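Read through the structure below, which is laid out as structure tokens, and then see the notes.
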Amino acid sequence: MPPNSLAETAAPRRAVFANGDFRLYGSARFLTGLAFQMQAVAVGWFVYDLTRSALALGLVGLASFLPAMLAALITGHVADTYDRRLVASVAYATLAAADLGLLAAAHYGTTTLWPIYALVVVIGTGRAFANPSLQALLPTLVPRTLFGSAIAWNASLWQSASILGPALGGFLYALGPAMVFGTAAASFLLASLLIAAIRFRPAAITERPPVTWATLSAGLTYIRDHPVVLGAISLDLVAVLLGGATALLPIFAAEVLHVGPLGLGTLRSMPAAGAVLMAVALAYWPLQRQAGLRMLQAVAVFGLAILVFGLSTSLPLSMACLFVTGAADMISVYVRQTFVQGETPDAMRGRVSAVNTVFIGASNELGEFESGTLAALIGAVPAVVFGGVATILVAGLWGRLFPALRARDRLLPPA
């Protein structure tokens, strides 16, 4: 096997699960993935029930994303300065409390949106602290020889939860939104306890770095100085920002495909189904050559699938298109996460991961705001079709703007 590939170890692909800390980490990721997806279905349908407004759905994405964007430099500094395990544990406990607030709002039948948006902001803040800490924590839990496998299995666990979560959220929503929010709160609380139970302890920090612009912005500087990482992160941002259709799924479910909450949950689970299948495939057969080109090709396939989804009036075809988007996006995620987590020095991994989290949030939550706003102006179907075409064009453009990304062969440099 090539020495630089992620397949550089002869260890079985599931050997990473022999690591007790990874089992705790993976279980927490599964539970939080479940909770986030259930929560997204419930909040989206609840807001749409109250407003019947595409713009209101887009504002949910904006409220979730803004905390990560505004606090990115701080959350990254916290992840590199304090025990990442405890930071993530406290963040998940905060998310549990926010879901209890949503439960109360649903139980008492709120008819105004500001309490919902306020609680979504709290959720976004919790995620802003949890994500960089967890991304930076993973490489410290497993040896380098198992790192590629850990990336793929971690993504597979997350996406498996994303398959079950929307369908379970839709089923529980039929029993009442309070049931969904209560289940999500319990999941976040258990995840908080699992992360706190991880045995790994970082070396004690004898002197905390001063809070200066240079230390806070070190993640931005690192990404700027590494064009392959910058190209991969920015490609993912722009492609999903333009091509994402998640915020509009309630509209497609209700008005284009004529299915209810259960149908919405099924649609939301399709990208995750494609992603988990691809993640398992990558765990067993990792990319060994032409990693950058494969990422560009995957983004183009993602855009084509979004384009067909926008034109579809058939539930099976729409499900198949969303399945393909998930599989294609997983290749992009796999390459990007390996670059970000595998090459960054541990001392600044939290700050780089925080910037990466902003890019992920911009491509997802801010993408929901963009698609909701565009749909309010020109309609849901034209908005999705436009996004698919734009994503295909972006894949070609990025290949020219970032030749180092296009030419990148191996995923990891020599140890």
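Every number in this text was worked out from the coordinates using simple rules, so none of it is lab data. Model, not experiment: these values are computed from the prediction. Here the Cβ is made from the backbone with ideal geometry for all residues, glycine too, and neighbour counts use every protein chain on show.
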Answer rounded, prolate or oblate for the stretch 249-337, using the Cα gyration tensor with square roots of eigenvalues a ≥ b ≥ c: rounded when a/c is under 1.5, else prolate when a/b is larger than b/c, else oblate.
prolate
Listed residues ILE116, MET348, THR75: farthest to the positive end of the dipole of the chain (Cβ charges):
MET348
Of LEU141, SER312, PRO261, which is farthest towards the positive pole of the chain's charge dipole, taken about the Cα centre with +1 and -1 on the beta-carbons of Lys, Arg and Asp, Glu respectively?
LEU141
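Please report TRP153, TRP114, TRP285 as a ranked list, fewest other C-beta atoms within 10 angstrom at the top and most at the bottom.
TRP114, TRP285, TRP153
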Could you give each residue of the stretch 90-103 its phi-based ³J(HN,Hα) in whole Hz, using Karplus coefficients 6.51, -1.76, 1.60 with θ = phi - 60°, and x for Gly or Pro?
5, 4, 5, 4, 5, 5, 4, 5, 5, 5, 5, x, 5, 4
Please report the relative contact order for the chain, taking Cα pairs under 8 Å with a sequence separation of at least 6, and give it as a percent rounded to a whole number.
30
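Which of the three applies to the stretch 314-415, rounded, prolate or oblate, going by the alpha-carbon gyration tensor with a ≥ b ≥ c and a/c under 1.5 meaning rounded? Intermediate results must be reported in sequence, preceding the final value.
Details: a/c = 2.12, a/b = 1.78, b/c = 1.19.
Cα axes put the stretch 314-415 in the prolate bin.
Taking other Cβ within 10 Å of each residue's Cβ, how do ARG294, ARG52 sort, fewest first? Please list the in-between numbers first.
Values: ARG294 17, ARG52 13.
In order of increasing Cβ crowding within 10 Å: ARG52, ARG294.
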Quick one: putting +1 on the C-beta of Lys and Arg, -1 on the C-beta of Asp and Glu, what dipole do you get for the chain around its Cα centre, in Debye to the nearest 20?
820
What fraction of the Cα pairs in the stretch 45-149, stated in percent, has a spacing above 17 angstrom?
60
For the stretch 121-201, one quarter of the surface area of the C-alpha convex hull, expressed in nm², comes to 6.3
Can you compute 3J(HN,Hα) from phi for each residue in the stretch 229-237, using the Karplus curve 6.51 cos²θ - 1.76 cosθ + 1.60 with θ = phi - 60°, rounded to whole Hz and x for Gly and Pro?
5, 4, x, 5, 5, 5, 4, 4, 4
Using the Cα gyration tensor of the chain, with a ≥ b ≥ c the square roots of its eigenvalues, what is the shape: rounded (a/c below 1.5), prolate (a/b larger than b/c) or oblate (neither)?
oblate
